[in-house]
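*Asks:* Mind having a look at this structure? Questions to follow.
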Ligand code: CMX
């Protein structure tokens, strides 16, 4: 499998509007607008930095996974996303190597990406996302 780069850091926030103030107005990153991924009960906002991006995640519902994450752990880094050349191949290889997966098949993420999550038990406690664009 070929991992190309860190695609983005996903940060769980209470409010994208408030987060935007720090990442865009203060840090000076560009703001690419928001996109809601209703199937995952989350609105995303991307702030590009050179080859990678910061992604803010705001829950669209109190029972959404991002809201539950914030309830348990507070705002902060929710996942690290690695861009791969071929996500189906990567998942097949990881499964073959006995890596515990949350998603055995890719689903649709923001910006038209195909994404899949690995189980944090297999990755030293970090939620790892694979994505292909
Ligand atoms: N960090 C560390 N551990 C996490 C975690 C996180 N952010 N999110 C979940 N986990 C752990 C859970 O505690 C659980 O552990 P145990 O099995 O030991 O109990 C395990 O991972 C599985 O979590 P779950 O909630 O039981 O499993 P689900 O399949 O219901 O959901 C997940 C898993 C990751 C998809 C969901 O929690 C989630 O975060 N969904 C939102 C995804 C998201 O950010 N979407 C936007 C994508 C846009 C993009 O990047 O393109």
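*Asks:* So, in segment 109-127, of the ones that are under 13 Å from the mean Cα position of the chain (by Cα) and near the ligand (Cβ under 7 Å from one of its atoms), which residue ends up surrounded by the most Cβ atoms within 10 Å (Cβ to Cβ)?
*Replies:* Checked segment 109-127; the qualifying residue surrounded by the most Cβ atoms within 10 Å (Cβ to Cβ) is 109.
*Asks:* Sticking with this one: Report, by residue number, each residue of segment 102-112 that is within 21 Å of residue 12 (Cα to Cα) and free of Cβ contacts under 8 Å to residues at least 60 places away in the same chain. Steps first, answer last, please.
*Replies:* From segment 102-112, those within 21 Å of residue 12 (Cα to Cα) are 102-103, 107-112; that's our starting set.
102, 103, 112, listed by residue number.
*Asks:* Now, a different point. Could you tell me whether segment 92-100 includes any residue that is assigned to a loop (DSSP other than H, G, I, E, B), exposed (fewer than 13 other Cβ atoms within 10 Å of the Cβ), within 11 Å of the ligand (Cβ to nearest atom) and at negative phi? Step through it out loud before you land on a result.
*Replies:* Narrowing segment 92-100 to residues assigned to a loop (DSSP other than H, G, I, E, B): 97-100.
Adding the requirement that they be exposed (fewer than 13 other Cβ atoms within 10 Å of the Cβ) leaves 97-98, 100.
Those left that are additionally within 11 Å of the ligand (Cβ to nearest atom): 100.
Remaining after also requiring at negative phi: 100.
Yes; the residues of segment 92-100 include at least one that is assigned to a loop (DSSP other than H, G, I, E, B), exposed (fewer than 13 other Cβ atoms within 10 Å of the Cβ), within 11 Å of the ligand (Cβ to nearest atom) and at negative phi.
*Asks:* Further question on the same structure: Pick from 24, 59: which is in contact with a strand residue (DSSP E or B) (Cβ under 8 Å, 6 or more places away or on another chain) and surrounded by fewer than 18 Cβ atoms within 10 Å (Cβ to Cβ)?
*Replies:* On the way: 59 fails: surrounded by fewer than 18 Cβ atoms within 10 Å (Cβ to Cβ).
Only one candidate qualifies: 24.
*Asks:* Name the residues in segment 73-91 that are surrounded by 12 or more Cβ atoms within 10 Å (Cβ to Cβ) and either modelled with pLDDT under 95 or part of a helix (DSSP H, G or I) (or both), would you?
*Replies:* Going through segment 73-91, the residues surrounded by 12 or more Cβ atoms within 10 Å (Cβ to Cβ) turn out to be 75, 77-84, 86-91.
87, 88, 89, 90, 91, listed by residue number.
*Asks:* Could you count how many residues in segment 27-40 are surrounded by fewer than 15 Cβ atoms within 10 Å (Cβ to Cβ) and within 18 Å of residue 51 (Cβ to Cβ)?
*Replies:* Selection size over segment 27-40: 3.
*Asks:* Among 89, 18, which is the only one that is touching a residue at least 40 places away in the same chain (Cβ under 8 Å) and out of contact with any strand residue (DSSP E or B) (no Cβ under 8 Å at 6 or more places or on another chain)? Steps first, please.
*Replies:* On the way: 18 fails: touching a residue at least 40 places away in the same chain (Cβ under 8 Å).
Answer to the check: 89.
*Asks:* Something else about it: So, restricting to strands (runs of 3 or more DSSP E) that lie completely within segment 1-72, which ones have at least 2 residues that are more than 20 Å from residue 114 (Cβ to Cβ) and within 11 Å of the ligand (Cβ to nearest atom)?
*Replies:* Working: elements: 3-12, 34-37, 42-49, 52-59.
Answer list for segment 1-72: 3-12, 52-59.
*Asks:* Using the structure shown, decide if residue 96 is more than 30 Å from residue 15 (Cβ to Cβ) and in contact with a helix residue (DSSP H, G or I) (Cβ under 8 Å, 6 or more places away or on another chain). So that I can check it myself, show each step before the final result.
*Replies:* Details: more than 30 Å from residue 15 (Cβ to Cβ): yes; in contact with a helix residue (DSSP H, G or I) (Cβ under 8 Å, 6 or more places away or on another chain): no.
Answer is no for this residue.
The values are calculated or read from the model by the stated rules, or taken from the named source; none is laboratory data. These numbers were taken from a predicted model, which means no experiment stands behind them. Note: ideal-geometry Cβ built from the backbone for every residue, glycine included; neighbour counts use all protein chains shown.
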